[in-house]
Amino acid sequence: MVKQPKIQHQDIYKIEDLSEEMNDVVSRKLAFFRSAFIPYTKHVNFHSRCDYLQKLGVLNRGKPQMGLRVLAPSGSGKSTAGQHYKALVDRRRGDGESTSSVLYLPLNAATTSKRLMVQILQKLGDPQPERGTEQTLTYRVMQYLQRRGIELLIIDEVQHLNGRSSASSDVTDTLKSFLDAGVVPIVFLGTNEAEDLFERNLQLNGRLLAPFDMPALDASKDEDRDLFATFVHDLCSEMEVRRIFPGPLELLTGDILACLLEVSAGVIGRVSRLFEAATEIALRRNASQLEVQDLLVAVDRWAMEQGFAARNPFRLLGAA
């Protein structure tokens with residue numbers, strides 16, 4: 001491992017440039033973290049399952065449709081992957097928001113079956129999305145989806161669907177009947193909190209493809225460590241392509257990857273957020289490249305302060 005010069009917390013804070021001019025520089029450099037899609041293997045395979053489900057739905061239009069369950073820890077990048085699939089399809093077909101064949105719907109908290117219909121109507125541009133009973137709202141949703149030519153509905157944050165419109169109305173029954181109506185296949189994205197949603201209705205499960213859940217990567221498994229290392233490598237490569245720093249990123253040693261895997265708990269999105277925090281620190285001290293000390297301080301400031309990590313493994317590397 002390359003020996004890094006020691007930089008203490010207080011030293012970094014003293015040399016960080018917090019001026020408005022530096023804010024302009026840092027914000028432009030870091031914007032890519034919000035827009036770039038790093039082709040992580042699990043997300044690419046998820047796109048393939050969405051493509052298959054969409055094509056299967058088109059070939060069976062008017063017949064009962066299938067769904068796909070995708071559960072993963074918060075920060076796994078599932079929402080980004082869902083949005084990126086929609087963007088890929090739109091770009092391939094030359095569609096805009098009003099002509100897209102994929103509808104991506106992030107849910108609000110405590111969404112009942114009736115509120116689900118309201119949110120879909122709002123997304124589709126209905127001028128009076130809350131007007132009517134649940135039954136009439138559902139009918140309007142189906143009409144809208146057919147007229148708009150929607151071929152795939154991606155419902156994100158499905159853990160928020162753990163609610164009832166009434167004592168006798170379970171949202172899982174609504175979802176089951178929605179698929180049975182043959183309008184559109186549905187991808188259900190959510191955290192593990194949504195497991196109960198599917199466990200309590202086996203009839204809904206019977207209408208789903210095999211689950212494509214994305215659990216956190218396990219540091220004890222060679223395959224997961226390789227997936228993690230590939231993602232970090234691709235993230236660093238993207239940073240180099242975009243010239244975030246003038247020099248190359250030399251951070252892909254086994255020790256550093258092990259520290260990143262521990263801090264992130266195998267959740268890919270947390271690695272991106274940690275790199276973003278560390279990159280800001282490095283840019284504000286006018287560094288020519290991202291260094292171990294920047295990651296160390298980022299763990300203290302971002303990961304530990306927000307409860308993502310209980311300790312800072314980078315301190316064991318002799319960097320502090």
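The values are calculated or read from the model by the stated rules, or taken from the named source; none is laboratory data. Since the structure is predicted, the reported quantities are computational estimates derived from the model, not experimental observations. A quick note on method: Cβ atoms are made from the backbone with ideal geometry, for glycine too, and the neighbour counts reach across all protein chains shown. With ligands, DNA and RNA removed, areas are computed over all heavy atoms of the protein, side chains included. Shrake-Rupley method; radii C 1.70, N 1.55, O 1.52, S 1.80 Å.
Values for this structure:
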{"read-out": "Selection status of residue 188, among the aromatic types (Phe, Trp, Tyr), under 24 Å from residue 65 (Cβ atoms) and either open to solvent by 50 Å² or more (accessible area, probe 1.4 Å) or touching a residue at least 60 places away in the same chain (Cβ under 8 Å) (or both)", "value": "yes"}
{"read-out": "Residues (open to solvent by 50 Å² or more (accessible area, probe 1.4 Å) and either small (Gly, Ala, Ser) or farther than 28 Å from residue 49 by Cβ (or both)) located in region 101-124", "value": "109, 110, 114"}
{"read-out": "Total residues in region 222-256, condition touching a residue at least 24 places away in the same chain (Cβ under 8 Å) and in a loop (DSSP other than H, G, I, E, B)", "value": "10"}
{"read-out": "For residue 202: the one exception among (1) within 30 Å of residue 107 (Cα to Cα); (2) touching a residue at least 40 places away in the same chain (Cβ under 8 Å); (3) over 23 Å from the mean Cα position of the chain (by Cα)", "value": "(2)"}
{"read-out": "Those residues of region 22-68 which are within 24 Å of the chain's Cα centre (by Cα), open to solvent by 50 Å² or more (accessible area, probe 1.4 Å), farther than 30 Å from residue 204 by Cα and touching a residue at least 60 places away in the same chain (Cβ under 8 Å), in sequence order", "value": "29, 39"}
{"read-out": "Qualifying residue in region 291-299 (condition: more than 22 Å from the chain's Cα centre (by Cα), more than 27 Å from residue 188 (Cα to Cα) and exposed (fewer than 15 other Cβ atoms within 10 Å of the Cβ))", "value": "no"}
{"read-out": "Selection from region 69-90 of residues that are in contact (Cβ under 8 Å) with a residue 12 or more places away in the chain, in a helix (DSSP H, G or I) and not β-branched (Val, Ile, Thr)", "value": "78, 79, 81, 82, 83, 84, 85, 86, 88, 90"}
{"read-out": "Filter result (under 26 Å from the mean Cα position of the chain (by Cα) and either at pLDDT below 90 or surrounded by fewer than 19 Cβ atoms within 10 Å (Cβ to Cβ) (or both)) within region 125-147", "value": "125"}
{"read-out": "Hits in region 5-24 - residues which are modelled with pLDDT of 95 or more and in contact with a helix residue (DSSP H, G or I) (Cβ under 7 Å, 6 or more places away or on another chain)", "value": "22"}
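Quick grid of which residues meet (1) open to solvent by less than 10 Å² (accessible area, probe 1.4 Å); (2) part of a helix (DSSP H, G or I); (3) out of contact with any helix residue (DSSP H, G or I) (no Cβ under 7 Å at 6 or more places or on another chain):
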| site | (1), (2), (3) |
| --- | --- |
| 258 | no, yes, yes |
| 283 | no, yes, no |
| 289 | no, no, yes |
| 303 | yes, yes, no |
| 308 | no, no, no |
